[in-house]
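Below: one structure, written as structure tokens.
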Amino acid sequence: VLAAPAILLALLLTLVLSHFLPLLLNPKAPRGSFGWPLVGETLRFLTPHASNTLGSFLEDHCSRYGRVFKSHLFCTPTVVSCDQELNHFILQNEERLFQCSYPRPIHGILGKSSMLVVLGEDHKRLRNLALALVTSTKLKPSYLGDIERIALHIVGSWHGKGGNITFCEEARKFAFSVIVKQVLGLSPEEPVTAMILEDFLTFMKGLISFPLRIPGTPYAKAVQARERISSTVKGIIEERRKADCCKRDDFLNVLLSTDELSDEEKVSFVLDSLLGGYETTSLMISMVVYFLGQSAQDLDLVKREHQGIRSTKAKEECLSSEDYKKMEYTQHVINEALRCGNIVKFVHRKALKDVRYKEYLIPSGWKVLPVFSAVHLNPSLHGNAQQFQPCRWEGPSQGTSKKFTPFGGGTRLCPGSELAKVEAAFFLHHLVLNFR
């Protein structure tokens, strides 16, 4: 009878000791707090807040401990960096001093072959393939035409619609249609496209849900949705092989011609491509429209720029790469929406050894979170940091500095970032010329 309470007490003591032991063993780690055993400070860290604010957790900890502090997040001792220079140092030392280290449930939902979670040579091999995708896409004569046709299809569908239009849903349709066309060669009208999109929406809901794999939970539904998408993509691959479509103008053809990847890796790579081209692009377009909707002056400047471009073209003449280069203020708006919108707030890394950087010691094995949003919203780096001011990006090389990392950095810099900006600019062109 006395054994059960004794066992329970021993378990509690073990839990408390394992939680606070890293504090005792690493007295030279940055200042900070670990919160409660087991949960640490994770729930406070993940509390939702406006994207153009730091949120109460970071504001509180930065004011108490400085821009680099320790915490206990995602069940692990963690160093959180809100410092521009340390963030850059972490990103530039991937696989030397730091390593990508996402929580285990993310692996379960993305798959073990996902480019987001693989390490070392496997990641290098997949990234090179992703760069090949971007390069082959840019070189295709039909690439810009596909984007514009899909933009016109989406925008045109709004005419005569009663009631309100939920813009973020329309942006998702647009971004998904573009990436499915580029990767799999599927048009928006094909039934299989709608089927993949439905499963993808379920997949995305589960990706950011509590990782409880019980039937009926968003996480469990997402795992099942990924399996269905994988099955659909495998079917498309088999059909393509049987049909011998060597002249199809999409990335799947490039993927099938390589012997470097197994079929499972090819399917996982397609899923990564769909994820990268869908979620961040649609959020970016939604953020651009959200912030422009609050700034009549900037909207007017964007509209004038696109009216000027359209005035040099015939009535239904398509946009060209030269037209894209003329969209200078549009690029400033996109950059500012990325800075204020903070689509990717932070990334997960792990210290491979004890790392000394300036006065900070990052213990080996600890999680490291470089927080991009804290740099983007730092008033000492960006004047009036919480204000949407696209004019701040005027001047050479403003969009390529340590203080602006919306697409990550180092060897894990998003390979499709420029494609996303092209899509946003072309969509915005037809939006501002046809609607208030």
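The values are calculated or read from the model by the stated rules, or taken from the named source; none is laboratory data. Here the structure is a predicted model, which means the values were calculated and not measured. Because the Cβ atoms are built from the backbone with ideal geometry, glycine has one as well, and the counts that use them run over all protein chains shown. SASA here: full protein model, heavy atoms, side chains in, ligands and nucleic acids out. Shrake-Rupley method; radii C 1.70, N 1.55, O 1.52, S 1.80 Å.
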task: Note down all Cβ pairs under 9 Å where the first residue falls in segment 327-356 and is under 17 Å from THR280 (Cβ atoms) and assigned to a loop (DSSP other than H, G, I, E, B), the second is polar (S, T, N, Q) and open to solvent by less than 10 Å² (accessible area, probe 1.4 Å), and they're at least six residues apart or on different chains.
output: ASN342/SER373; VAL344/SER373; LYS345/SER373
- request: Go through the residues of segment 392-407 one by one and say whether even a single one is in contact with a helix residue (DSSP H, G or I) (Cβ under 8 Å, 6 or more places away or on another chain), assigned to a helix (DSSP H, G or I) and polar (S, T, N, Q).
  value: no
- prompt: Out of segment 56-91, which residues are of a type in the set (Gly, Ala, Ser) and open to solvent by 10 Å² or more (accessible area, probe 1.4 Å)?
  reply: SER56, SER63, GLY66
field: Residues of segment 95-109 that turn out to be assigned to a helix (DSSP H, G or I), within 26 Å of SER364 (Cβ to Cβ) and either within 17 Å of the chain's Cα centre (by Cα) or β-branched (Val, Ile, Thr) (or both), as a count
entry: 2
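Results for (1) more than 25 Å from LEU144 (Cβ to Cβ); (2) aliphatic (A, V, I, L, M), shown as yes or no for each residue.
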| site | (1), (2) |
| --- | --- |
| PRO188 | no, no |
| ILE196 | no, yes |
| THR202 | yes, no |
| VAL223 | yes, yes |
| ARG226 | yes, no |
task: For segment 62-88, name all the residues that are assigned to a helix (DSSP H, G or I) and either touching a Lys or Arg at 6+ places or on another chain (Cβ under 9 Å) or hydroxyl-bearing (Ser, Thr, Tyr) (or both).
output: SER63, ARG64, TYR65, GLN84, GLU85, LEU86, ASN87, HIS88
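Out of curiosity, is LEU361 under 30 Å from PRO48 (Cα atoms), of a type in the set (A, V, I, L, M) and surrounded by fewer than 20 Cβ atoms within 10 Å (Cβ to Cβ)?
When the stated conditions are applied, LEU361 passes them.
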message: Among the residues of segment 259-284, what is the count of those that are in contact with a Leu (Cβ under 9 Å, 6 or more places away or on another chain), more than 16 Å from HIS123 (Cβ to Cβ) and not in a helix (DSSP H, G or I)?
response: 0
Which numbered condition ILE309 misses (of (1) of a type in the set (A, V, I, L, M); (2) in contact with an Asp or Glu (Cβ under 8 Å, 6 or more places away or on another chain); (3) buried (at least 22 other Cβ atoms within 10 Å of the Cβ)): (3)
task: Sort out which residues of segment 93-118 are at pLDDT 90 or above and touching a Ser or Thr at 6+ places or on another chain (Cβ under 9 Å), and write them in order of number.
output: GLU94, GLU95, SER101
- request: Quick one: in segment 250-285, of everything that is among the hydroxyl-bearing types (Ser, Thr, Tyr) and open to solvent by 40 Å² or more (accessible area, probe 1.4 Å), which residue is modelled with the lowest pLDDT?
  value: SER257
field: Residues within segment 286-302 that are within 18 Å of PHE427 (Cβ to Cβ) and either surrounded by fewer than 16 Cβ atoms within 10 Å (Cβ to Cβ) or touching a strand residue (DSSP E or B) at 6+ places or on another chain (Cβ under 9 Å) (or both), tallied
entry: 1
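Scan segment 203-237 for residues that are among the polar types (S, T, N, Q), open to solvent by 40 Å² or more (accessible area, probe 1.4 Å) and either outside any helix (DSSP H, G or I) or over 15 Å from VAL270 (Cα atoms) (or both) and jot them down.
Scanning segment 203-237 gives a single hit, GLN224.
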The one condition in (1) open to solvent by 20 Å² or more (accessible area, probe 1.4 Å); (2) assigned to a helix (DSSP H, G or I); (3) free of Cβ contacts under 8 Å to residues at least 24 places away in the same chain; (4) of a type in the set (Val, Ile, Thr) that VAL192 fails to fulfil: (3)
field: Output for segment 124-177, where each listed residue is more than 23 Å from MET204 (Cβ to Cβ), without any contact (Cβ under 8 Å) to a residue 24 or more places away in the chain and in a helix (DSSP H, G or I)
entry: ASN128, THR135, LEU139, ARG149, GLY156
